[in-house]
Each structure stands twice: as structure tokens, then as C-alpha cells.
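Single-structure report; data block below.
The values are calculated or read from the model by the stated rules, or taken from the named source; none is laboratory data. Note that the structure is a prediction, hence the values are computed from the model and not measured. Every residue, glycine as well, gets a Cβ built from its backbone with ideal geometry; the counts of neighbours run over all protein chains shown.
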Amino acid sequence: MWMLERANSLSAAPTMPDGSRVLAANPDSAERGDPWRWSITLHTSPDGVSTSVKTDESFVVHTVELLDEIHCSTVLTRCTGDVIVVAVKTGDALITVPDGPWQRRIHPGDSFVLEGEVNETIRVELTDTQSTATVYCLTPTRTAALRWVP
Amino acid sequence: MADYILNTWYVAAWSDEVTNKPIRKMICEQSIVLYRISDDQAKALADRCAHRAFPLSKGRMLGDSIECGYHGFIYGPDGRCTKVPGQTTLPERAVVRSYPLHEKDGWIWVWMGDDPADADPSDIPDTHWMNDPNWASVEHSLQVDCRAELVHDNLLDLTHESFLHKTTVGDDYIYEYGITVEVDDNVVLVDRLMPSVPAPPLYADTMGIDGNWDRFHATEFFVPNNLTLHSGITAEGAPRDEGYLIKVLNAITPIDAHTCWYYYSFARNFAVDNVEATEQLREGLGLVLEEDKDALEAQELGMQTRPGQEFDVLIAQDGGVAKARRIHQALLKKEAKEREAKEPRRPGAPANTKPIGAAARRQAQKAAAAGAGRSAAESTTSAEAMGTAAGGR
């Protein structure tokens with residue numbers, strides 16, 4: 001499953017008084033009682049935009065990769081059972097798939113989540129040298145697959 | 001009254017249902033009378049005479065006006081009373097609500113929001129396939145005894161085809177392919193690409209084709225009420241707009257908290273002149289819709305008997321469902337806030353400066369009788385405040 005949620009989506013989490021907003025989380029809706037596993041938060045301040053991740057460390061390990069002018073075009077492979085979240089910090093990025101026409105441009109405040117039980121590859125291309133993006137890879141420690149829960 | 005999103009256009013009827021004989025429709029617990037005037041324009045008024053609440057739909061047309069069948073009050077197409085039998089003076093409040101109405105491609109849309117100025121017909125989704133000579137369409141409509149949201153969920157998660165519609169349109173493989181969910185403003189798109197699969201029987205039979213094709217389903221939900229399913233098959237790797245295409249328009253109109261109308265149009269751009277195919281589809285799709293209706297009504301009973309502390313166990317496949325529900329809640333909250341802003345609390349207002357409802361009146365009388373020290377005005381405003389809170393990969 002891929003989930004691309006735009007910053008202007010009416011389903012987006014509300015912005016807190018400190019300017020932060022949960023960009024993506026598992027579960028995405030806490031009210032049904034599913035156990036929390038991870039969340040990625042967008043922080044907006046006069047200095048710019050940043051993101052941070054929190055995880056249930058007993059269940060999930062993660063890596064963070066910053067895409068910038070050195071990595072202006074990156075192929076991301078999501079291994080079976082992992083979750084990848086892409087968030088743009090500045091500028092924008094084009095997400096494409098190697099063997100299909102699907103492509104979307106994402107901007108700060110958008111979130112793109114990829115998950116599933118089959119591995120897959122996407123390409124993230126930064127539009128210009130000013131653009132930066134963060135890629136989070138979340139890997140389950142106790143189960144074969146970290147399935148995203150809406 | 002349950003919570004409904006009112007600042008939107010709902011499909012109220014098929015165009016050909018509405019004639020110069022008034023008919024009654026219930027939308028979001030509001031009864032509406034629909035009829036046509038002499039220039040063929042359709043009109044929508046509250047189906048309740050201002051005099052004694054008798055349904056105007058039980059009255060008769062007098063030219064472009066409608067006469068109440070109980071005591072003969074006559075209303076013009078704008079909802080204003082134009083005649084009261086036995087007196088020449090018209091009571092100032094003798095007016096029934098007139099709803100903005102827009103007719104397009106065979107559907108009659110009614111704006112349910114309080115402010116007619118907000119009713120912009122350009123907000124109505126594209127439905128031209130119902131009325132395009134390059135497409136052949138089959139229509140159905142049915143009342144389903146379930147909350148509207150269950151129909152939304154059904155259309156956002158088409159994996160149910162593999163199980164519920166096993167003997168009609170089901171294909172075992174649908175749930176094996178992942179979905180892409182996109183959420184933008186109030187629109188949720190759930191897209192499933194099934195590359196290199198055999199052509200489903202509908203296409204194979206009508207077009208005489210075989211071999212493998214790329215198949216897709218993309219449900220586009222304009223929350224809160226309209227879902228367009230863009231579906232089809234294309235040659236492997238070919239653009240979607242070059243394929244054999246189907247557009248299924250689904251307009252879901254709440255009647256009340258546990259019942260809705262389902263307006264359905266299935267249009268195809270292939271075998272357009274094949275009358276036999278059209279008739280087979282009409283019959284086959286009718287069966288599919290009955291299967292959905294049975295399941296949704298059973299699910300509604302399940303929902304009504306489920307303990308309050310139990311919730312759906314949603315999975316990744318339900319990503320679109322969950323996002324749509326959240327948008328629905330956001331729209332409800334937005335409208336509640338707007339209503340509150342329009343009707344602020346007026347704790348010091350004197351009594352009887354504006355009409356009050358029966359509930360408020362009872363509460364005021366109770367407070368006065370109990371000598372609780374609260375003024376009738378305070379009771380009234382409290383009750384009023386309660387009322388207002390009311391393309392593939």
C-alpha cells in the first residue's frame with residue numbers, strides 16, 4: 001500500500017500550537033485502540049521545516065537518510081515488511097517507479113508512505129539543488145512485516 | 001437529528017422522476033417536495049406547509065404554484081405563500097424553505113446548506129458519461145437500510161468483490177494487488193493496478209478479446225457523498241485513456257442515520273451500440289447491487305448491536321476508508337463551528353425575541369415552574385446552543 005497525503009488534505013493531523021504536526025503514524029488513527037508503533041512529525045519554525053521520528057523501540061528499528069544535492073536522484077528499495085516514509089523539507093521531489101508511468105511531485109507537508117509484504121523500488125529525484133528530503137526506513141524487530149494501520 | 005454534512009450538493013432524484021406531479025424525498029432527515037414548473041425547471045421546497053406542517057407533496061399544482069392539500073395555502077416556486085384562503089393578508093412567516101437545485105446529466109442535485117449563496121454548481125463532480133453519446137450507460141437506484149458511510153466504505157475497498165460478488169463480478173486476485181491511496185483536500189483516491197491479467201468476462205465477451213491486459217480500479221471519493229469509479233483494461237503498458245473504460249458514478253444520499261439512497265450509473269466506452277450487452281449488464285449489475293444491499297444492511301445491524309467500546313479493526317487495505325472517515329469528521333466539525341459562529345450565545349437576551357423550539361419551550365417552562373432562578377431566556381439560549389452542536393503505479 002502506498003499512501004500519499006497532501007499537506008492540504010482535510011484528513012491531515014492538526015497543527016499543534018508549537019507548529020508541529022504528525023505527518024504520518026502507525027496507527028494513523030489512535031482512537032480505535034491499535035498499539036502505537038511509530039510516528040513522524042513535521043516541525044515548522046521561522047528557521048524552516050524539519051522532521052523527526054519516534055518509535056516503539058521494542059518493536060521497530062529505523063534509519064534516516066537525508067537526500068540533498070549530492071543525492072539528487074536516489075533509488076530506494078523497500079525490503080519485504082519494511083515501511084518507508086518520504087518527507088520533503090525544502091523545494092520538491094519527484095517520485096517515480098522504474099517500470100511504470102506513475103509519478104508524483106511531493107512538497108513540504110506532504111507525506112508518502114510505502115508498506116507491504118513484497119519488496120519494491122521507487123526513485124526519488126530532487127527537483128533542484130535547493131531541495132532536500134528525508135527518508136525514514138522502519139523495520140520490525142518481532143514480526144515479519146510492519147503493516148501500516150490506518 | 002444525526003450529524004450530516006449539509007454544505008454540499010446531494011442527488012435528490014433522477015431527472016425523469018420529477019414531473020409536474022409533486023413527489024416527496026427525504027434527505028438528511030429533511031423532507032423535500034420536488035416538482036417541475038411550466039418552463040420545465042425543477043424546484044425543491046420544504047415538504048411542509050408553513051400553516052400546519054401538512055406535506056405539500058400531497059397537494060396539487062396550480063400553474064407554477066403548489067397548493068397545500070389540507071387548507072389550501074398556495075406557494076410560489078420561491079417558497080413564498082401567495083394565497084391564504086379566506087383572507088387577503090398574507091402572514092409574514094408564511095414561507096417554506098426553497099432549496100437551490102441543479103439538474104445535470106440526468107440527476108437532480110439539491111443543496112442542503114443553510115446559505116444558498118454557498119451553492120455553487122461547479123462543485124458538482126463530473127457526470128457527463130451518463131449523457132455522452134460515446135458512452136453507453138446502465139442506471140439503477142435503490143434504498144439501502146444502512147448509514148451512508150457503509151456504502152462509501154464498500155466502494156473504497158473493492159477487495160470485497162473477491163468474496164461478496166464471487167459468483168457475479170468477483171475475481172480471486174483483486175486483493176492480491178496493492179493499492180495507492182492519495183488524499184488531497186476533500187478527495188480520496190484509491191487506485192489498484194492489476195497488471196497483465198486475463199480480460200474479465202464483460203470485456204472479453206463484448207469485445208471478443210482474449211490474452212492478458214492491464215486492469216485497473218480507481219475509486220475517487222469526493223467526500224461526503226459522491227464516488228466515481230474509474231475502471232478499465234488497457235493493452236499491457238498502454239496509457240489508461242486508451243483502454244476499454246468504465247465509469248461508475250455512485251451518489252450516496254443520506255435519508256437518515258440508518259438509511260440512504262444509492263444512485264448508480266455504469267457507463268462504458270466500448271460496445272456502445274450493443275443493446276444485448278446493455279440489457280445483460282442492466283440485469284447483472286442489478287444482481288451485484290442487491291448483493292451489496294444485503295451485505296450492507298447486515299453490516300448496519302452488526303454496527304447497531306456492536307458494543308460501544310468495540311471498533312473496526314482496519315488494515316492497510318483500508319487506508320482510503322480511514323482517511324475518508326477523517327475528512328468526514330473534519331467537515332462535520334467545520335460546519336458545526338460555522339453554525340456556532342452564526343448563532344452566538346446571547347445569555348442576556350430577553351425572552352420571546354425570536355421563535356423557540358418545542359424542546360426549548362418545555363425546558364423554559366420547567367425552569368420557571370421549578371423556580372430555579374434561571375430566566376426563560378437563559379434556558380432558551382442553552383437549548384439553542386445544544387441544537388447547534390448538533391493513474392496506476
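Sort through A:ARG142, A:ARG104 and tell me the only one that's outside any strand (DSSP E or B) and among the basic types (Lys, Arg).
Values: A:ARG104 fails: outside any strand (DSSP E or B).
Among A:ARG142, A:ARG104, only A:ARG142 is outside any strand (DSSP E or B) and among the basic types (Lys, Arg).
Taking region B:140-162 as the region of interest, how many residues are part of a loop (DSSP other than H, G, I, E, B) and within 14 Å of another protein chain (Cβ to nearest Cβ)? First the steps, then the outcome.
Of the residues in region B:140-162, the ones part of a loop (DSSP other than H, G, I, E, B) are B:145-147, B:157.
If we keep only those that are within 14 Å of another protein chain (Cβ to nearest Cβ) as well, we get B:157.
Looking only at that region, the number is 1.
Restricted to region B:185-210, and to residues that are among the acidic types (Asp, Glu) and within 10 Å of chain A (Cβ to nearest Cβ), which residue is farthest from the chain's Cα centre (by Cα)? Quick ask: steps written out before the conclusion?
Looking only at region B:185-210, we keep the residues that are among the acidic types (Asp, Glu), and these are B:185, B:191, B:205, B:210.
Adding the requirement that they be within 10 Å of chain A (Cβ to nearest Cβ) leaves B:185, B:191.
Details: B:ASP185: 19, B:ASP191: 22 Å.
Only one residue tops the list, namely B:ASP191.
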Looking at B:ASN134 and the list (1) in the same structural domain as B:LEU229 (by TED's automatic domain parsing); (2) outside any loop (DSSP other than H, G, I, E, B), which single condition is not satisfied?
(2)
Write out, first by first residue and then by second, each pair whose Cβ atoms fall under 8 Å of each other, whose residues are 6+ apart or on separate chains, and whose first residue, in region B:327-341, is within 14 Å of B:ASP115 (Cβ to Cβ) while the second is in a helix (DSSP H, G or I).
B:ARG339/B:THR388
Residue count, region B:213-264, condition surrounded by fewer than 21 Cβ atoms within 10 Å (Cβ to Cβ) and not in a strand (DSSP E or B), comes to 11
With respect to B:ARG52, determine if the residue is basic (Lys, Arg), part of a loop (DSSP other than H, G, I, E, B), within 21 Å of B:ASP114 (Cβ to Cβ) and not assigned by TED's automatic domain parsing to the domain that holds B:HIS258.
no
For the subset of region A:36-64 comprising residues that are exposed (fewer than 15 other Cβ atoms within 10 Å of the Cβ) and aliphatic (A, V, I, L, M), which member is nearest to the other protein chains (Cβ to nearest Cβ)?
A:VAL61
Is it true that some residue in region B:24-39 is over 17 Å from the mean Cα position of the chain (by Cα), under 30 Å from B:ARG147 (Cα atoms) and not in a strand (DSSP E or B)?
no
Filter region B:275-327 for residues that are more than 29 Å from B:MET130 (Cα to Cα) and basic (Lys, Arg); the one that is nearest to the other protein chains (Cβ to nearest Cβ) is B:ARG326
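So, in region A:8-35, of the ones that are in contact with a Lys or Arg (Cβ under 9 Å, 6 or more places away or on another chain) and either among the aromatic types (Phe, Trp, Tyr) or more than 7 Å from every other protein chain (Cβ to nearest Cβ) (or both), which residue ends up surrounded by the most Cβ atoms within 10 Å (Cβ to Cβ)? Break it down into steps so the answer makes sense when it comes.
To start, the set of residues in region A:8-35 that are in contact with a Lys or Arg (Cβ under 9 Å, 6 or more places away or on another chain) comprises A:9-15, A:25-29.
Retained after the next criterion (residues that are either among the aromatic types (Phe, Trp, Tyr) or more than 7 Å from every other protein chain (Cβ to nearest Cβ) (or both)): A:12-15, A:25-27.
Working: A:ALA12: 22, A:ALA13: 20, A:PRO14: 7, A:THR15: 13, A:ALA25: 21, A:ASN26: 26, A:PRO27: 19.
Restricting to residues being in contact with a Lys or Arg (Cβ under 9 Å, 6 or more places away or on another chain) and either among the aromatic types (Phe, Trp, Tyr) or more than 7 Å from every other protein chain (Cβ to nearest Cβ) (or both), the top hit is A:ASN26.
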Residues of region A:96-132 being more than 23 Å from B:ARG240 (Cα to Cα), in contact with a Ser or Thr (Cβ under 7 Å, 6 or more places away or on another chain) and not hydrophobic (A, V, I, L, M, F, W, C), in sequence order, are A:PRO108, A:GLU117, A:ASN119, A:GLU125, A:GLN130, A:SER131, A:THR132
Out of B:ASP172, B:ASP157, sole residue that is under 29 Å from A:VAL113 (Cβ atoms), assigned by TED's automatic domain parsing to the domain that holds B:ASP312, surrounded by fewer than 16 Cβ atoms within 10 Å (Cβ to Cβ) and not polar (S, T, N, Q):
B:ASP172
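Considering A:HIS43, A:HIS62, which residue is in a strand (DSSP E or B), farther than 20 Å from B:ALA322 by Cβ and in contact with an Asp or Glu (Cβ under 9 Å, 6 or more places away or on another chain)? Full working, then the answer.
On the way: A:HIS62 fails: in contact with an Asp or Glu (Cβ under 9 Å, 6 or more places away or on another chain).
Among A:HIS43, A:HIS62, only A:HIS43 is in a strand (DSSP E or B), farther than 20 Å from B:ALA322 by Cβ and in contact with an Asp or Glu (Cβ under 9 Å, 6 or more places away or on another chain).
Yes/no per residue for (1) at pLDDT 95 or above; (2) among the β-branched types (Val, Ile, Thr); (3) assigned by TED's automatic domain parsing to the domain that holds B:LEU90:
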position: B:ALA2; (1), (2), (3): no, no, no
position: B:TRP14; (1), (2), (3): yes, no, yes
position: B:THR19; (1), (2), (3): yes, yes, yes
position: B:ILE32; (1), (2), (3): yes, yes, yes
position: B:TYR35; (1), (2), (3): yes, no, yes
position: B:SER38; (1), (2), (3): yes, no, yes
Inspect all residues belonging to region B:67-80 and state whether any of them is β-branched (Val, Ile, Thr), at pLDDT 95 or above, surrounded by 14 or more Cβ atoms within 10 Å (Cβ to Cβ) and out of contact with any Leu (no Cβ under 6 Å at 6 or more places or on another chain).
yes
Kindly indicate whether any position in region B:111-129 is buried (at least 18 other Cβ atoms within 10 Å of the Cβ), closer than 30 Å to B:ARG48 by Cβ and in contact with a helix residue (DSSP H, G or I) (Cβ under 7 Å, 6 or more places away or on another chain).
no
Could you list, in sequence order, all residues of region A:123-142 that are surrounded by fewer than 23 Cβ atoms within 10 Å (Cβ to Cβ) and within 14 Å of chain B (Cβ to nearest Cβ)?
A:ARG123, A:PRO140
May I ask you to list pairs of residues, at least six apart or on different chains, whose Cβ atoms are under 6 Å apart, with the first in region B:85-100 being assigned to a loop (DSSP other than H, G, I, E, B) and at pLDDT below 95 and the second being surrounded by 10 or more Cβ atoms within 10 Å (Cβ to Cβ) and not aliphatic (A, V, I, L, M)?
none
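Can you tell which of B:ASP184, B:ASP214, B:ASP191 is acidic (Asp, Glu) and farther than 25 Å from B:LYS323 by Cα?
Values: B:ASP184 fails: farther than 25 Å from B:LYS323 by Cα; B:ASP191 fails: farther than 25 Å from B:LYS323 by Cα.
Unique residue meeting the criteria: B:ASP214.
Does B:ARG60 satisfy the criteria of being in the same structural domain as B:ASN20 (by TED's automatic domain parsing), within 30 Å of B:ASP185 (Cβ to Cβ), touching a Gly at 6+ places or on another chain (Cβ under 7 Å) and surrounded by fewer than 17 Cβ atoms within 10 Å (Cβ to Cβ)?
Numbers: in the same structural domain as B:ASN20 (by TED's automatic domain parsing): yes; within 30 Å of B:ASP185 (Cβ to Cβ): no; touching a Gly at 6+ places or on another chain (Cβ under 7 Å): yes; surrounded by fewer than 17 Cβ atoms within 10 Å (Cβ to Cβ): yes.
Taking the combined requirement at face value, the residue does not satisfy it.
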Counting just the residues of region B:163-184 that are of a type in the set (D, E, K, R) and part of a loop (DSSP other than H, G, I, E, B), which one comes out farthest from the other protein chains (Cβ to nearest Cβ)?
B:LYS166
Could you grab me the full set of residues in region B:83-97 that are surrounded by fewer than 17 Cβ atoms within 10 Å (Cβ to Cβ) and either under 16 Å from B:ALA46 (Cα atoms) or aromatic (Phe, Trp, Tyr) (or both)?
B:ARG93, B:ARG97
